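Enquirer: Mind having a look at this structure? Questions to follow.
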Amino acid sequence: MSRVVEDRRTDEAGVSRNEGARALREQVIRVRKARMADVAAMHSMINHYAEKQLMLPKAHLQLYETLRDYSVAVEAGDDSRVLGCGSLHLYWEDLAEIRAVAVLPGIAHKGIGSRVVEALIEEGRSYGLEQIFVFTYVPAFFSRFGFVQVEHRSMPLKVFNECFHCPKFNTCDELAMVLHL
């Protein structure tokens with residue numbers, strides 16, 4: 001069981017190291033809506049983790065069809081270098097799912113995935129959503145944003161529409177989590 005340990009030390013100006021690291025991260029990483037030119041990088045990242053059974057795979061076609069759902073993290077100075085991605089898929093006037101959060105292999109645990117999720121949650125708020133859900137293998141990551149684990153059967157049936165196409169449909173081992181906005 002992993003545990004997030006907060007660094008409570010401060011610098012000379014009294015700014016905590018966690019706040020300082022976050023401010024630095026915000027200066028060098030920017031989250032924007034995905035573009036056509038980002039699909040190859042998104043496909044590579046997502047399928048890297050899918051090969052390790054950490055997330056579901058995505059075909060290029062799926063990414064192109066849902067491109068408007070995706071946001072990407074990029075370096076502030078190099079808008080073309082995709083560092084991470086994730087999507088906010090709308091289901092209903094008050095409900096959406098965060099999907100396919102992935103970070104460039106080798107730079108995980110640097111806050112990039114967190115920036116993507118924060119941007120997706122903010123996007124959900126801007127739409128006036130009441131609830132965002134996620135199916136995940138890493139509940140500790142999403143619980144940091146306020147997501148709580150729920151039973152699959154507590155989810156509205158409409159969210160399972162796309163599950164019928166999933167290779168793990170009959171043996172789903174992802175955990176369902178919900179964030180109430």
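Enquirer: Looking only at the stretch 113-137, which residues are farther than 17 Å from VAL72 by Cα and without any contact (Cβ under 8 Å) to a residue 40 or more places away in the chain?
Expert: SER126, TYR127, GLY128, listed by residue number.
Enquirer: Taking the condition of being in contact with a Cys (Cβ under 9 Å, 6 or more places away or on another chain) and under 17 Å from LEU90 (Cα atoms), how many residues in the stretch 130-154 meet it?
Expert: Final tally of qualifying residues: 1.
Enquirer: Starting from the stretch 93-112, take each residue that is touching a residue at least 40 places away in the same chain (Cβ under 8 Å) and closer than 20 Å to ALA34 by Cα and list its partners that are of a type in the set (Ser, Thr, Tyr) and surrounded by 19 or more Cβ atoms within 10 Å (Cβ to Cβ), counting only C-beta distances under 6 angstrom and pairs at least six apart or across chains.
Expert: Sorted first by the residue in the stretch 93-112, then by its partner, the pairs are ALA100/SER87; ALA102/TYR49.
Enquirer: Give me the helices (runs of 4 or more DSSP H) completely within the stretch 58-152, filtered to those with at least 2 residues that are of a type in the set (A, V, I, L, M) and closer than 22 Å to LEU179 by Cβ, ordered by residue number.
Expert: 112-126
Enquirer: Please work out which one of (1) modelled with pLDDT of 95 or more; (2) touching a helix residue (DSSP H, G or I) at 6+ places or on another chain (Cβ under 9 Å) is the condition MET45 fails and give its number.
Expert: Only one criterion in (1) modelled with pLDDT of 95 or more; (2) touching a helix residue (DSSP H, G or I) at 6+ places or on another chain (Cβ under 9 Å) is unmet by MET45, namely (2).
Enquirer: For the stretch 46-57, which positions are in contact (Cβ under 8 Å) with a residue 24 or more places away in the chain and part of a helix (DSSP H, G or I)?
Expert: Within the stretch 46-57, ILE46, HIS48, TYR49 meet the criteria.
Enquirer: If ARG125 satisfies all but one of (1) under 15 Å from PHE147 (Cα atoms); (2) touching a Ser or Thr at 6+ places or on another chain (Cβ under 9 Å); (3) surrounded by fewer than 24 Cβ atoms within 10 Å (Cβ to Cβ), what's the number of the condition it fails?
Expert: (2)
Enquirer: Sticking with this structure for a sec: Looking at (1) of a type outside the set (Phe, Trp, Tyr); (2) at pLDDT below 95; (3) farther than 22 Å from PHE141 by Cβ, can you tell me which one LEU54 breaks?
Expert: (3)
The values are calculated or read from the model by the stated rules, or taken from the named source; none is laboratory data. These numbers were taken from a predicted model, which means no experiment stands behind them. Note: ideal-geometry Cβ built from the backbone for every residue, glycine included; neighbour counts use all protein chains shown.
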